[in-house]
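Any read-out appearing in this document is the output of simple, stated calculations on the displayed coordinates, not a laboratory observation. Computed from a prediction, not measured in an experiment: that's the story for all the values here. Note: ideal-geometry Cβ built from the backbone for every residue, glycine included; neighbour counts use all protein chains shown.
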Amino acid sequence: MNFEEKRKKLVNNLKNRDYPVLTKQEVINAMLTVPRHLFVPKDAESSAYIDSPLCIGSGQTISAPHMNAMMCEYLELKEGDKVLEVGTGSGYHAALCAELVAPKGSTNPGHVYTIERHKDLVKKAKINLKETGYGNRVTVILGDGTLGYPEEAPYDKILVTAASPKKIPPPLREQLKDGGILCIPAGSKSFSQDLYIVKKRGEDFDSKRITGVRFVPLIGKYGFES
Ligand code: SAH
């Protein structure tokens, strides 16, 4: 089976889960389009279409595909959205977001800003994104994402792909647009966490717990200590 066939099989499996993780046609299309095998290290390429997290270097992991799909669905990403991702890792999830907010040929393209604290990962992610055609739709920044990225704020959507402490970093709440959505795993540093969807309504934030999850820790000023 070639990579494309494997990717289709994975997407079909995710669509048929008992617990809904992949239901929206736009997200299905994005999952079918972005070549996950080009975002993982060469020796992990053959496992790229198994629904499992994989090591990407610097002690970090790319999430399992069902988690990428779920987070994209809950964020309600749409063409034109300005997105901030905290935790670039391989760049794969940023590419999925770009596929949704700035599809090829869009007359109203959005943009994805993504921050990573590991220099080596920033370098690799930039290469991965460029080689797969997302270089112009995604900007990769080296820094502490718990501070957000005020230069481009406010954002329609914010996605955090590392585990935050229970108290969500205040800059992320502040940099969300009124009516915007934040998706964030929060809880303990090294055990499990809960995935939350937070919607900003004026001065209020509606927070909803989705499910239990396990992510690598968010390290930074408003995250955990390294
Ligand atoms: N979204 C990634 C996977 C992320 S793993 C992908 O699709 O591959 C979580 C990433 O968050 C790790 O690379 C880790 O280094 C990064 N990270 C942790 N704390 C951070 C912080 N404060 N700012 C930016 N990146 C952070």
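Annotations for the structure displayed:
- Other residues whose C-beta falls under 15 angstrom from the C-beta of residue 1 contribute a net charge of +2, scoring Lys and Arg +1 and Asp and Glu -1.
- When the chain is treated as a GNM with alpha-carbon contacts under 10 Å, the residue of 79, 203, 116 showing the greatest mean-square fluctuation is 203.
- Gyration tensor (Cα) of the stretch 18-151, equivalent ellipsoid semi-axes in angstrom: 20, 19, 14
- GNM remark for the chain: springs join alpha carbons under 10 Å apart, and the peak mean-square fluctuation among 215, 205, 191 falls on 191.
- Stokes-Einstein D (µm²/s) once Rh is taken as the Kirkwood radius of the stretch 67-140 over alpha-carbon pairs, at 4 °C in 1.567 mPa s: 107 µm²/s
- Net charge contributed by nearby residues that have their C-beta within less than 14 Å of residue 118 (K/R +1, D/E -1): +2
- Under 5 Å between amide hydrogens, built in the peptide plane, is the criterion, and for residue 224 it picks out 218, 219 among residues at least 5 positions away or on other chains.
- The stretch 83-117 and the stretch 148-191: distance between their alpha carbon centers, rounded to Å: 15 Å
- Three-way shape label, the stretch 41-102, alpha-carbon gyration tensor, a/c 1.5: prolate
- The stretch 93-226: C-alpha gyration tensor shape, a/c 1.5 cut-off, then a/b vs b/c: oblate
- The stretch 77-141: trypsin sites (Lys or Arg not before Pro) in DSSP loop, at most 15 other beta carbons within 10 Å: 78, 104
- Three-way shape label, the stretch 185-226, alpha-carbon gyration tensor, a/c 1.5: oblate
- Taking amide H as placed 1.01 Å from N in the peptide plane, the amide H of residue 85 sits under 5 Å from that of 113, 114, 115, 159, each at least 5 places away or on another chain.
- Hydrodynamic radius of the chain by the Kirkwood approach over all distinct alpha-carbon pairs: 17.3 Å.
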